[in-house]
Amino acid sequence: MAYVERIRDMISQPLLEEIVRQRTTAGWHLVSLEWRRELPDSEQPTEGAYPEDIPYGLRISEDCKRLEIDPNEQQALLQMMELLVQDFSFSSIASNLNEQGFRTRDGRRWSPVAIFNMIPRLIDVGPRLFSTEEWEVRRQKFARMT
């Protein structure tokens, strides 16, 4: 699997063509632009606005230039995936995570709905989980159980 490096430039002034040219020359490809504004109290967020910027399982690195794996959230994702593979119900998965001390990003206990809402993230991160050494050990354990 090819690795992709991503960085985020924090812009404090208008975007200059020179910055884009420097990045392009260095081999970078522009993949998105993010616009931000402070909403006045009288205005509601745009419909469909996504409230969570950082995918579950990742966090901003200490240098604030990239995303890195959040070990605790990564363990919760692995546990969810493992229990889904074993055909546990969403409520059982939530119970299991809560018993192990895992919490959602906002500090709440896991619920069946929260587990269901993690399915797109599990699909996204699944190929990386399946390729890890830890998952190989778990997969062999499952094979012995059947």
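The values are calculated or read from the model by the stated rules, or taken from the named source; none is laboratory data. The structure displayed is predicted, hence computed values, not measured ones. Cβ sites come from the backbone with ideal geometry, for glycine too, and all protein chains shown count toward neighbours.
Look at the range 1-30: where a residue is in a loop (DSSP other than H, G, I, E, B) and a partner is of a type in the set (Lys, Arg) and surrounded by 10 or more Cβ atoms within 10 Å (Cβ to Cβ), sitting 6+ places away or on another chain with Cβ atoms under 7 Å, you get 6/66; 7/65; 7/66; 8/65. The single condition among (1) more than 27 Å from residue 137 (Cα to Cα); (2) among the acidic types (Asp, Glu); (3) surrounded by 10 or more Cβ atoms within 10 Å (Cβ to Cβ) that residue 106 does not satisfy is (3). Residues in the range 56-92 that are surrounded by fewer than 16 Cβ atoms within 10 Å (Cβ to Cβ), out of contact with any Ser or Thr (no Cβ under 6 Å at 6 or more places or on another chain) and of a type in the set (Asp, Glu): 62, 63, 87.
Checking each residue in the range 93-102 for being surrounded by 15 or more Cβ atoms within 10 Å (Cβ to Cβ) and either touching a Gly at 6+ places or on another chain (Cβ under 9 Å) or within 16 Å of residue 70 (Cα to Cα) (or both) picks out only 102. Of all residues assigned to the range 23-35, at least one qualifies as being surrounded by 10 or more Cβ atoms within 10 Å (Cβ to Cβ), over 30 Å from residue 129 (Cα atoms), modelled with pLDDT under 90 and not hydroxyl-bearing (Ser, Thr, Tyr). Can you tell me which of (1) modelled with pLDDT under 95; (2) under 18 Å from the mean Cα position of the chain (by Cα) is the one residue 97 doesn't meet? So the condition that residue 97 fails would be (1). Being surrounded by 14 or more Cβ atoms within 10 Å (Cβ to Cβ), more than 27 Å from residue 10 (Cβ to Cβ) and among the aromatic types (Phe, Trp, Tyr) is not true of residue 116.
Of the residues screened, residue 105 is one that is touching an Asp or Glu at 6+ places or on another chain (Cβ under 9 Å), among the charged types (D, E, K, R) and closer than 24 Å to residue 60 by Cβ.
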